[in-house]
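Notes for the one structure printed next.
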Amino acid sequence: MAARVTVIIPAYNASEYIANAVHSALDQEDLPPDEIAVIIIDDKSPDREKLDEALRPFADDPQVTILHNETNMGAAESRNRAIDLAQSEYVAFLDADDWWEPDKLAAQLRLLDEQPQLPLCCSGRMLHAPDGTPVGRTIGVPDRISYDMLLRTNLIPCGSVVMRTRIAKEFHMTNAEFHEDYILWLRVLKKYGNAAAINEPLLHCRLSEGGKSRNKFKSARMQIGCYRVMGIGIFKSLYYFACYAVNGVKKYYT
């Protein structure tokens, strides 16, 4: 019998933190173990030996599948590989250095089960230093997120998303040179309508200096690229980018 939700965890140089991420996915409250599957995709990581050692406790776990890319494909294509393999009703995304609250999946699945028109559900998040220490910053989300709201700023943290698998298979993640997850949310909401959100910090995120969004100039160029991919004209792109810049300041500095 297939699980209800498949948790997708891409891994690259993640040996230090990945066990914590996997435990947080498996140790979800109010869900029987057979309702959760975890697919870990090692993206030809240089720390393969350390990663294998970190994942050794899960090697014989029937809930866990560990895959190894033959070449470095990037997080987007690694997630797509797992999406194609998923046989569950839902997929959930989790980064290897982040972790979840124990009631996260149950809360989101209840909401999605009750409202079958919703394509996906996300949540708020709490920010942490690389060592896991809270930095005293929680980023909330509105209860409903529309396509137009999303154009103004990315309100959907990738590691908080639970999505209907059939929709994930329809779109996949593309344009990894930009914000591939953001483009996916935009495409989904443009076709299927509003996303739901739970305004609680059910996701814990480690801040990384090497992440795409940490370089603000690079992130700005990528944001414009996302608008171009979505076919948005130059004047509207400039307007939405201005909203993005203002909201970015509010999100992280107020």
Please list E177, E114, E49 from largest to smallest accessible area, probe radius 1.4 Å, with all protein chains kept in place. E49, E114, E177
Extension gain L111-S208, at 0.36 nm per residue separation less the Cα-Cα distance, in nm? 31.8 nm
Tilt relative to the chain, helix 104-114 - C-alpha long axis, 0 to 90 degrees, to 10: 70
Only Lys, Arg, Asp and Glu count, each charged at its Cβ (+1, +1, -1, -1), so figure out the dipole size of segment 89-147 about its Cα centre, rounded to 20 debye. 240
Taking the simple approach of a point 7 Å from Cα along Cα-to-Cβ for both R166 and R56, what is their distance in nm? 4.4
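Let me know the charge dipole size of segment 86-215 about its Cα centre in debye, to the nearest 20, where only the beta-carbon of Lys, Arg (+1) and Asp, Glu (-1) is charged. Numbers along the way, then the final one.
Details: 15 positive and 17 negative charges, 82 e Å.
The calculated dipole for segment 86-215 is roughly 400 debye.
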If I fit a long axis through the Cα atoms of helix 180-192 and take the longest principal axis of the Cα atoms of the chain, what angle between them do I get, 0 to 90°, rounded to 10? 70
Roughly what angle does helix 74-85 make with the longest principal axis of the chain, taking Cα atoms, 0 to 90 degrees, to the nearest 10? 60
Pseudo-spin-label distance R221 to D131, built 7 Å along Cα→Cβ, given in nm, is 3.4
Would you pull out the residues with amide H under 5 Å of M173's amide H, same chain only if 5 or more places away, H placed 1.01 Å from N? N80
Quick query: amide H of D103 versus all other amide H atoms, modeled in the peptide plane; which residues come in under 5 Å with a sequence gap of 5 or more or a different chain? E29
Once label points are set 7 Å from the Cα along Cα→Cβ at both D148 and T65, what is their separation, rounded to one decimal in nm? 4.1
For the chain, how big is Rg over Rh, using alpha carbon atoms and the Kirkwood form of Rh? 0.94
Taking the Cα centre of segment 14-172 as origin, work out the dipole magnitude from +1 charges on Lys and Arg Cβ and -1 charges on Asp and Glu Cβ, in debye rounded to 20. 660
5 angstrom amide H check on L67, placed H, neighbours 5+ away: I40, I41, D42
Just name one of I41, A25, S15: the one whose Cα is farthest towards the positive end of the charge dipole of segment 1-73 (beta-carbon charges, Lys/Arg +1, Asp/Glu -1). I41
Karplus-derived 3J(HN,Hα), 6.51/-1.76/1.60, for each residue of segment 130-146, Hz, glycine and proline x: x, 7, x, 6, x, 9, x, 10, 10, 10, x, 9, x, 5, 10, 10, 9
Run the reach check for K236 against aspartates and glutamates, Cα to Cα strictly under 19 Å, same-chain hits fewer than 8 apart removed. What comes back? D148
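The values are calculated or read from the model by the stated rules, or taken from the named source; none is laboratory data. Owing to the predicted nature of the structure, the values given are computational and were not obtained by experimental measurement. Positions of Cβ are generated from backbone atoms using ideal geometry, with glycine treated the same way; all protein chains shown enter the neighbour counts. Areas reflect the complete protein model, heavy atoms only, side chains present, ligands, DNA and RNA absent. Shrake-Rupley method; radii C 1.70, N 1.55, O 1.52, S 1.80 Å.
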